[in-house]
Amino acid sequence: MKIKGEVDKSTFDCDTCTQGKFVNSRSRKLDAKATTPLELVHTDLAGPINPVAKDGFKYAATFTDDYSGAIFVYFIRNKGDTALVLEKFLADCAPYGKVKCIRCYAYKHDPKKLDSRCEKGIFVGYDKNSPAYLVYHANSGKVSKNRLVKFCKKRGIEKQTQTDVLDDEVELFPQQYTCGESSGDAHVPENNNGSKTNVSQREITRESLKESGSEENHSERSKGDVSQGRYYPKRERKSPKYLDEYVSHVEDGDSIMTGIDYCYKVCGIPQTYKEAVNSPYISTWKNAMEEELNSLRENDTFEITTLPEGKHPVGGKWVYAIKEDFEGTRRFKARYVAKGYNQVKGIDYKETFAPTANITSIRILMQLVVQNDLIVHQMDVKTAYLHAPIAEEIYLEQPEGFEVLSDTGEKLVYKLKKSLYGLKQSGRNWNKVLHEYLVENDFVQNSSDHCVYKKQIKNDMIIVIIWVDDLIMAASDTHLLNQFKEVMQKKFRMKDLGKISYFLGIHFEQKEGEIKMSQDKYISKMLERFGMVNCKPRSTPCEQKLEYNSSEAVDPKNYREIVGSLIYAMTCTRPDLSWVVSRLSQHLSEPKAENMNTAKHVLRYLKGTIDHKLCFKKSSQPLRLLAYSDSDWASSVEDRRSTTGYCFSLTGDGPLVSWKSKKQPTVALSTCEAEYMALAATTQESLYL
């Protein structure tokens, strides 16, 4: 028999043909980044999480948009609720577009003779480190990596012959969804009207899930009616133990969603202007950019001109951030910065050094405030760098999205009159302007800490500490404090933040005759960042004796991030971490497993002591500098160097204002020499204080 006409061979991808005529063809292409929102969504399920949450949630399902980086997180109690999570995710992202979820079968190449040339499996994903597919084989229960695969779509005749599920089982996805590198539509049987329906990568929406559920319930009811007339008793079926986490029976009603927690949506911060204008918060980001440009114009930062011959402009870019205060209020901020790495030393800039206040000065100021009944407030300088003039001739490209052309259509640039964020000399220029203005208003700069200024008017005084564009002010009189604020607001654009409450990640609590400094929120974020939120607390910073003999290496990047975070906590408010953090800092180049265990021990200690604070109280005795010094001898096994330790306080029963634990630079030949070296370091710090 001869078939007339052309035959579409692409529809002949049956199981038998594929197993008998499989060829070596690699169809996997490298992954490409999505170009539009919701074009590609990555999903994952984590769990079971131990210990179980208070509400019984043991699993977390995440959906990440490949284009925008937006993350949706759902907490669920059972694995069987995954389909319900998918339905809820589709509803949450419906205002922004549609998502297509697909599933397919794959065949792994098997080069044995006289047998099938491939083995049937289920496609479950892509390998991250190679252009290979991940194929699950039900017979062996294993997942293999393969590049020689072929995808076959089920046709209508195959779907008709599939065995229906029993009436005591519920299939959340009763139809098979197909996908693959191949294109074309799958043929399905004719409907009641005699017309054919073409299906290609079926779109899963809330309506399709409801329709599937209604059809399934109808088929189950029909089978239930037929089964009542059976002569033989129905066979009892029990699901395997590994399916205990799945829901085997779903009831109708509102209780179907009780196993899913509400969604936490993490908005990705745009990295470019294009991402900002295509994000769901386009209006908010545009307002932030317009506010930034208005600040540049109000401060007369630039003038628009043509680029002179022989000059090269410095590039610029938009930088976006979402800032959050202590109360959790979010603020969208956009900053147009210069690409300072393109500057040439000696031409575009000369000196770059700019001082910042020592954190010890802030602690000493807190003790002076409670002892002398001072009033302490804080202020912030808006666009601080834009107030400083610039001496060099620098041309800057116009910001993307706000370009202005000349009458002839020629491209224009900015000629800078003031410093701009991103330039290497901007910090130094701003510090110079602020220093000159404070000196003009009769402030005296401290000889030890150049960011501390004091003004004495008879029996009244005011102290100012500068940290770039943040100011801490302590005055003995409210009138004097308000007068200083007015003087600063005449010169700069200032934001009055009132009484000091949150500064550099440190929380300040003010009461009558008492000020407390703590970093509870910073420590909480640190524990969350390194996955130690639910860790078991420890009562000591470390073990009594640390001996490192392990040769097993760990990820140095993760270890350095942990130690760096611990250093900031130790520097600000946690003197109890000085010794162990000093030891951990000695292994930053090649950390071992034992070093990582010690670092996690410190995190567990912070978990149990997160509420520890530096409490400054008024003393009945006058303030005086008290110092304590100590050292060990040859404690380091590697080089036999000793460790110096000292601490300072201003009252006998008050908190410390300065502390340090550091390995000595040379080897001490005796305990006496080690003690003398520690005393020398203590004397240097006392002279500074």
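Under the combined filter of DSSP loop state and at most 12 neighbouring Cβ atoms within 10 Å, the range 272-349 retains these GluC sites (Glu not before Pro): Glu309, Glu327. Each peptide in 414-421, 136-143, 498-505, 675-682 was scored by the mean count of other Cβ atoms within 10 Å over its residues; highest first, the order is 414-421, 675-682, 498-505, 136-143. With a Förster radius of 60 Å applied to the beta-carbon distance between Val124 and Lys613, the computed FRET efficiency rounds to 0.75. Calculated from the alpha-carbon coordinates, the range 264-410 shows an Rg and a Dmax of 20.1, 68 Å respectively. For the pair Ala354 and Gln271 in one chain, pulling the backbone fully straight at 0.36 nm per residue adds 27.1 nm over the alpha carbon distance. Paramagnetic label reach from Thr666 (point 7 Å along Cα→Cβ; backbone nitrogen cut-off under 17 Å): within the range 575-609, no residues. Treating each Cα of the range 273-504 as an identical point scatterer and summing with the Debye formula, the log10 of I(q)/I(0) at q = 0.08, 0.13, 0.14 Å⁻¹ comes to -0.37, -0.88, -0.99.
In order along the range 483-498, the Karplus-derived 3J(HN,Hα) couplings, from 6.51 cos²θ - 1.76 cosθ + 1.60 at θ = phi - 60°, round to 5, 5, 4, 5, 5, 5, 6, 6, 8, 10, 7, 10, 10, 7, 9, x Hz, and Gly and Pro are given as x. Here each label is just a point 7 Å from Cα along the line to Cβ, and for Asn278 and Gln621 those points are 6.7 nm apart. What separates the Cα centres of the range 491-547 and the range 578-641 is a distance of 16 Å. Using only alpha carbons, the range 570-680 has a radius of gyration to Kirkwood radius ratio (Rg to Rh) of 1.03. Each residue of the range 585-601 was assigned a 3J(HN,Hα) from its phi angle through the Karplus expression (A = 6.51, B = -1.76, C = 1.60, θ = phi - 60°), giving 5, 7, 10, 6, 6, 9, x, 10, 4, 5, 5, 5, 4, 5, 4, 5, 4 Hz with x at Gly and Pro.
Measuring against 28 Å, Cα to Cα, the residue pairs Lys495/Lys557; Lys516/Lys557; Lys142/Lys525; Lys286/Lys415; Lys432/Lys454; Lys454/Lys491 contain Lys495/Lys557; Lys516/Lys557; Lys142/Lys525 as the ones spanning a longer distance. Applying 1/(1 + (r/R0)^6) with r as the Cβ-Cβ distance of Lys490 and His450 and R0 = 25 angstrom yields a FRET efficiency of 0.55. Averaging over all projection directions, the Cα-based convex hull of the range 502-543 occupies 4.5 nm² in the image plane.
Let's test the formula: R0 of 35 Å, r as the Cβ-Cβ distance of Glu324 and Gln586. What FRET efficiency results, to the nearest 0.05? It comes out at approximately 0.55. How far apart, in nm, are two points set 7 Å out from the Cα along the Cα-to-Cβ line at Tyr341 and at Asp520? Those two pseudo-labels are separated by 4.1 nm.
Under 19 Å from a point 7 Å along the Cα-to-Cβ line of Arg640: which residues of the range 518-560 have their amide N that close? Answer for this model: 548.
Couplings for the range 143-150, taken from phi via the Karplus curve 6.51 cos²θ - 1.76 cosθ + 1.60 with θ = phi - 60°, read 10, 10, 9, 9, 9, 8, 9, 9 Hz in order; Gly and Pro are left as x. One equal scatterer on each Cα of the range 622-689, no solvent, Debye formula: the resulting log10 I(q)/I(0) at q = 0.12, 0.25 Å⁻¹ is -0.33, -0.99.
Each label point was placed 7 Å from the Cα along the Cα-to-Cβ direction; for Lys311 and Ser550 their separation is 5.8 nm.
Any read-out appearing in this document is the output of simple, stated calculations on the displayed coordinates, not a laboratory observation. Here the structure is a predicted model, which is why all the values come from computation and not from measurement. Counting neighbours? That spans all protein chains shown, and the Cβs are built from the backbone with ideal geometry, glycine included.
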